[in-house]
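Everything on this sheet refers to the single structure shown next.
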Amino acid sequence: MTTPASSAKPRTFAKIVTPPPGPRSREIVEREKPFMAPGTQAFSQLAGIAVEKGKGAVLEDVDGNQYLDLVAGICVASLGHGHPAMAKVLGEQAEKVMIGSFTSAPRARLLESLVGLAPAGLEGSRAQLYSGGAEAVESALRLARSHTRKYEVVSFWGGFHGKTGGVLPLLGSDFKHGLGPFQTGMHLVPYADCYRCPFKLEHPSCGNLCVDFAREAIKRQSAGSVAAIIAEPIQGTNGNVIPPDDFLPAIREIARELDAVFIADEMITGFGRSGKMWGVQHSGVKPDMITIGKAFGAGYPITGLVAKNEICGAKPWANPSFSSSSYGGNPLAAAAAEVAIGTVVKDDLVGNSHRVGEAMLAALKPLVDRFPFVGDVRGRGLMIGLELVKDKQTKAPLAKKACEFVYLEGLRRGLLAMTYTNRVRINPPLVITEAQALEAVDILTEVLAELDRKPDLWKA
Ligand SMILES: Cc1ncc(COP(=O)(O)O)c(C=O)c1O
């Protein structure tokens with residue numbers, strides 16, 4: 001147990017032996033700098049550390065500092081770091097065969113388990129496998145177009161589905177500014193982001209105006225050829241935004257009215273992240289298709305889609321070599337995903353996500369009353385969002401400098417969390433223990449108390 005000088009509570013898991021970034025980290029980062037193109041993830045640039053190894057929810061840098069990792073590779077590290085079953089299967093499978101799209105026993109077993117786990121609506125469905133999230137979403141759109149013989153797609157403000165050309169126009173943020181022109185026939189409508197309701201209303205007295213608005217907007221803006229509506233069950237990149245449970249079923253109904261496919265992008269929410277196996281299970285909405293990734297391979301890059309059997313046969317998507325890719329479902333990827341999802345089931349990581357998530361949420365909720373700049377705390381399972389604001393009335397976002405202070409002060413105390421923007425995302429590995437999670441909350445609380453003592457910073 002260590003007690004950092006600056007903190008009140010002793011630490012059991014986070015251990016800082018030299019202020020980060022330490023000398024070895026700095027040396028490696030400097031070595032890489034001339035060759036690494038700009039644009040890597042903001043939290044890694046800000047931290048300036050080089051990683052060495054990890055165990056479960058603890059990540060260690062090359063200077064021996066140990067951090068509680070609430071980033072988890074942005075929801076990728078479902079099994080945490082250094083999972084022995086993953087290491088074993090990767091080694092064993094790499095020695096046998098890694099490459100190619102011939103059927104392999106791991107792939108056959110994986111597909112059977114995957115389809116067996118699929119949410120209601122996708123019983124007896126089929127899956128196709130890829131290696132990137134955006135690639136899987138693009139394939140889902142190709143399949144929706146093949147099936148409906150229509151071409152337009154509806155997505156949501158605040159939504160994120162990757163960075164490739166076919167999904168860029170679906171992003172509901174300024175991320176796409178400067179990257180046009182985009183594919184035509186893409187329409188964006190408001191998501192039920194109730195803390196920042198675009199209509200400045202409150203649920204349920206709003207009567208779900210955003211849904212009525214979406215219906216009207218599609219009617220007036222589209223060419224009457226909507227092939228798909230795609231939505232995240234909980235918006236991850238936008239700040240772990242949880243819609244009311246009646247939102248997605250109402251959107252699904254619009255898809256039905258339009259004879260369009262309803263795609264739930266479960267890239268982040270899938271495999272237990274939100275305390276249920278699938279994000280759609282919170283509202284009971286039945287998708288026609290889901291896209292999956294991140295936790296699917298627990299770090300091995302494997303993604304995919306699961307679609308209703310009657311949709312999967314649609315051509316040209318279903319023609320030989322049309323839905324495939326170079327790396328999709330190769331024997332190594334399949335073996336990794338088999339361990340990843342098998343462990344989620346065997347070790348009841350969905351239950352752990354629910355239980356530990358509840359404990360974290362209960363510990364974080366009081367921060368709204370304690371600090372003038374914590375506007376909201378919300379969460380489902382290990383998918384928790386905090387709003388950092390300058391003013392609770394106007395909800396004006398906390399300035400970037402203050403958010404970066406929260407991130408860097410956390411790092412100094414052994415906490416890695418996506419606190420560098422005003423919509424804080426907390427998403428640790430699903431294996432995190434309650435004791436680890438609560439220690440992480442303690443550190444975050446200390447950091448926020450530190451910020452509270454600097455009104456010039458948080459009011460700026
Ligand atoms: C919901 C969602 N869909 C798709 C993607 C794209 O995944 P990838 O970065 O693997 O292309 C992401 C990435 O964060 C995501 O959050």
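Tabulated results
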{"quantity": "Packing-based ranking, highest mean first, of 353-366, 169-182 given that Cβ atoms within 10 Å are counted", "calculated": "353-366, 169-182"}
{"quantity": "Virtual spin-label span in nm between Glu257 and Met36, 7 Å along Cα→Cβ", "calculated": "4.9 nm"}
{"quantity": "Spin-label zone in the stretch 307-340 - amide nitrogen under 17 Å from a point set 7 Å from the Cα of Glu95 along the C-beta vector", "calculated": "332, 335-336"}
{"quantity": "Order of Thr394, Thr164 - criterion: other Cβ atoms within 10 Å of each residue's Cβ, fewest first", "calculated": "Thr394, Thr164"}
{"quantity": "Modelled label reach - Asn309, point 7 Å along Cα→Cβ, the stretch 142-171 residues with backbone N closer than 15 Å", "calculated": "none"}
{"quantity": "Packing-based ranking, highest mean first, of 103-110, 329-336, 260-267 given that Cβ atoms within 10 Å are counted", "calculated": "260-267, 329-336, 103-110"}
{"quantity": "Highest to lowest packing among 204-217, 141-154, scored as the average C-beta count within 10 Å", "calculated": "141-154, 204-217"}
{"quantity": "Beta bridges by DSSP in the chain, antiparallel share as percent, to the nearest 5", "calculated": "65 percent"}
{"quantity": "Calculated [θ] (222 nm, deg cm²/dmol) that DSSP helices of n ≥ 4 give over the chain, each run adding -39,500 (n - 2.57)", "calculated": "-10500 deg cm²/dmol"}
{"quantity": "Relative contact order of the chain, pairs being alpha-carbon contacts under 8 Å that are 6 or more residues apart, as %", "calculated": "21 percent"}
{"quantity": "Simple label model, 7 Å out from Cα along Cβ direction - Thr164 to Ile74, nm", "calculated": "1.6 nm"}
{"quantity": "Value of relative contact order over the stretch 84-346, rounded to a whole percent, pairs C-alpha under 8 Å and six or more apart", "calculated": "31 percent"}
{"quantity": "Rounded if a/c under 1.5, otherwise prolate or oblate - the stretch 71-224, Cα gyration tensor axes", "calculated": "prolate"}
{"quantity": "Prolate/oblate/rounded call for the chain, Cα gyration tensor, a/c under 1.5 rounded", "calculated": "oblate"}
{"quantity": "For the stretch 84-346, the spread of Cα positions along each principal axis, largest first, Å", "calculated": "57, 38, 37"}
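Each reported figure results from applying straightforward, stated rules to the coordinates on display, with no laboratory input. Predicted, not measured: the structure shown is a model, and the values here were computed from it. Cβ atoms come from the backbone with ideal geometry, glycine included; neighbour counts cover every protein chain shown.
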